[in-house]
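Notes follow the structure.
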Amino acid sequence: MNDALRVDVDHATGIATLVLNRPQQRNPLSTGTMRALTAALRTIADDAAVRVVVITAAGPVFSAGHDLSEMVDRTLDDERAVFEVCTELMDTVQEIPQPVIAAVQGPAVAAGCQLVASCDLVVASSAAVFGTPGVRIGLFCSTPMVAVTRAIGRKRAMQLLLTGDTIDADTAADWGLVNFVVAPDELDDRTNELAARIAASSPLTLAIGKQAFYRQIDLPQDEAYELMSETMATNAVTCDAQEGMSAFLAKRTPTWVGK
């Protein structure tokens, strides 16, 4: 495992934590770090005991984005390779069955903001800021734009992209990039509480729901209803759904089997 990434898998709680771990360099998303993140997420995807993933970072900065030292005096194919690795990471965040929560303690900009926007849920410290400042160094944040626009919409995304300005955590929450804003000393506890609430549900149901969300979100409404009606019907006949509905009717706690 790349030493720029710490991985902690707690099977007792069902929570895996991935920690960006180059604080002195502001946790850049180098190709090595992005590959390590992708590999860790894929390993976790196959671990039935893990129900939730948290991505966080050491030090005062969540991530300053790509490692620019990898992008100077390189060929076009070299540059393409960086963004292929990046795209693979962002896709993997949304493809794995477990919900992924970003716990953001500080600035998340450029590809760091893209990673946050790609996560399913975001808990942010009130000290966090978010932005896509690439325009200021002559490198428009085109790949971050994909995830950020889908999270906050066209006009607000264009504001960030064209100005390079950052927004604070409260504004990010108002715009839909962040779910919860908490005091800095509450970030870990609030994130763990959220992860534990999610982990209490059936892992099969969580996987069905997460994957269904991304399949339907950009479809026309009639196609989305057709696809989701079939998804919900097949979900309803699973062991966990039958157990959950029976437990609700009997006023007892369900026992999940993941089938």
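Derivation of every value follows stated rules applied to the coordinates shown; laboratory data play no part. Predicted model, so just to flag it, every value in this text is computed and none were measured. No Cβ is skipped: glycine too gets one built from the backbone with ideal geometry, and neighbour counts run over all protein chains shown.
Points worth noting:
- Computed lengthening from residue 163 to residue 140, 0.36 nm per intervening residue step minus Cα-Cα distance: 7.2 nm
- Remark: relative contact order (the chain) = 16 percent; criterion is Cα-Cα distance under 8 angstrom and separation of 6 or more residues.
- Only Lys, Arg (+1) and Asp, Glu (-1) charged, at Cβ; the chain dipole about Cα centre in debye: 280
- Rounded to whole Å, sorted largest first: equivalent-ellipsoid semi-axes of the stretch 128-185, Cα gyration tensor: 21, 13, 9
- Within the chain, antiparallel bridges make up roughly 30 percent of the DSSP beta bridges whose residues both belong there.
- Per-residue ellipticity at 222 nm from helix content only, as computed over the chain with -39500 (n - 2.57) for each DSSP H run of at least four residues, stands at -15500 deg cm²/dmol.
- When +1 charges are put on Lys and Arg Cβ atoms and -1 charges on Asp and Glu Cβ atoms, the dipole computed for the stretch 203-250 relative to its Cα centre reaches about 200 debye.
- Quick note on the chain: its Rg to Rh ratio, both from C-alpha atoms and Rh being the Kirkwood radius, is 0.99.
- Net charge dipole, the stretch 8-77: roughly 120 debye, given to the nearest 20, about the Cα centre with Cβ charges of +1 for Lys and Arg and -1 for Asp and Glu.
- Note on residue 13 and residue 72: the model spin-label points, each 7 Å out from Cα along the C-beta direction, lie 4.0 nm apart.
- Cα-based reach from residue 210 at 26 Å (exclusive), listing lysines while leaving out same-chain residues under 8 positions away: 259
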